[in-house]
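Here is the structure we will look at, set down as structure tokens.
All of the numbers you see were taken from the coordinates with simple rules; none came from a lab. For clarity, every value in this text was computed on a predicted model and none was experimentally measured. So basically every Cβ, Gly included, is an ideal-geometry build from the backbone, and we count neighbours across all protein chains shown.
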Amino acid sequence: MEMHSARQLQQLPFYAPQGEECRLFEQAHASRLPLLIKGPTGCGKTRLVEHMAARLGRPLITVSCHDDLSAADLVGRHLIQGGDTRWCDGPLTRAVREGAICYLDEVVEARKDTTVVLHPLADDRRQLAIERTGELLQAAPGFMLVISYNPGYQNLLKGLKPSTRQRFVALGLDYPAPDIERAIVASESGCTDEVAAQLVRLAQALRRLTEQDLEETASTRLLVMAARLHVAGLALLPACRAAIVDALTDEADTGAALHEVLRAVI
Ligand code: ADP
């Protein structure tokens, strides 16, 4: 049932759906299934999770994964305080105890030892073993594990192990359709509909050009940033140059090609 009070709706982080992803998220949560969200950087993965956590009334604990992130960073560690050692829960352990939604952003970046703790949490057991303290935690009812990854070419090698992927319900997101993306850019920046339309046209031209050459392309996030600079008083062309084109590449030839597209569209 999608019923929310006016007050609740006001407090929800704004999310414009691309399709049925909110329903899928809700059903995965109700079925106690973990979720894998795939999609390029800046396409709305984090915002979807923030929106759904608020809608489901669950606390959200987000971890941005990096190549040094270990299982201990997620689970916790003993800290020495004034001569005493004290156990300190990591973010994953807190989420398991509190029944929160735990969102591991860019999970393929994390060290391989993290899979050992994620697997028993992601299947029917919903358990977290804290080796250091000997505790075996059963996840509280509202707990949900959500991971995201960007299947860009750099990640093809790293990938997610099949044994990990198969534990998750998968949801693929892409950049939103033009009419939805226009509404997002306008609503997130306060720019006019015309400016939003221009920015989305620019993004489409840049995406056609950059999809093969660049790992990252003009994302919804970058459009929102350009629109905000413009709303703050910068002309649209320099705003797009700073927030989109120069943000995407350091390479002179590619930069020149992107600038050309920029001048043709804006
Ligand atoms: P990702 O996690 O995929 O890298 P984010 O969720 O952080 O991307 O999205 C980047 C920004 O783009 C958000 O802060 C928001 O301003 C905007 N955005 C993207 N998609 C949406 C959407 N569907 N609804 C509302 N805002 C969105």
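Quick notes on this structure:
- Whole-number D in µm²/s for the chain (Stokes-Einstein; Kirkwood sum over Cα pairs; 10 °C, 1.306 mPa s): 78
- Among the helices of the chain, those built from whole DSSP H runs whose Cα atoms reach 18 Å or more along their own axis and whose mean Kyte-Doolittle hydropathy is at least -0.5 are 193-210, 252-265.
- Helical contribution to [θ] at 222 nm, DSSP H n ≥ 4, -39,500 (n - 2.57), averaged over the chain, rounded to 500: -13000 deg cm²/dmol
- Sorted ascending by nearby beta carbons within 10 Å, beginning with the fewest, Lys112, Lys38 become Lys112, Lys38.
- Straight-line cross-link partners of Lys45 among the aspartates and glutamates, defined as a Cα under 17 Å from its Cα and at least 8 positions apart when in the same chain: Glu20, Glu21, Glu26, Asp105, Glu106, Glu109, Asp174, Glu181, Glu188, Glu216.
- Farthest positive-ward along segment 89-225 dipole, Cα basis, beta-carbon charges - from Leu202, Thr220, Ser148: Ser148
- Cβ crowding within 10 Å ranks Leu222, Leu199, Leu160, Leu258 as Leu160, Leu222, Leu258, Leu199, fewest other Cβ atoms first.
- Restricting attention to the chain, close to 35% of DSSP beta bridges with both partner residues there are antiparallel.
- Inter-site label distance for His259 and Asp246 at 7 Å from Cα along Cβ, in nm: 1.1
- What the Cβ-Cβ distance of Arg32 and Ser187 gives, at R0 = 22 Å and to the nearest 0.05, is a FRET efficiency of 0.10.
- Cβ crowding within 10 Å, taken as a proxy for footprinting-reagent exposure, orders Phe168, Phe14, Phe25 from fewest neighbours to most as Phe14, Phe168, Phe25.
- Largest GNM mean-square fluctuation across Glu188, Glu131, Glu26, computed for the chain with C-alpha springs under 10 Å, falls on Glu131.
- Segment 109-237: relative contact order as a whole-number percent, Cα under 8 Å and 6+ apart: 18
- Approximate spin-label separation Arg201-Asp67, in nm, with each point projected 7 Å along Cα-to-Cβ: 4.1
- Distance between the 7 Å Cα→Cβ label points at Asp123 and Arg77: 2.9 nm.
- Gained length - Leu234 relative to Lys161, 0.36 nm times residue gap less alpha-carbon distance: 21.7 nm
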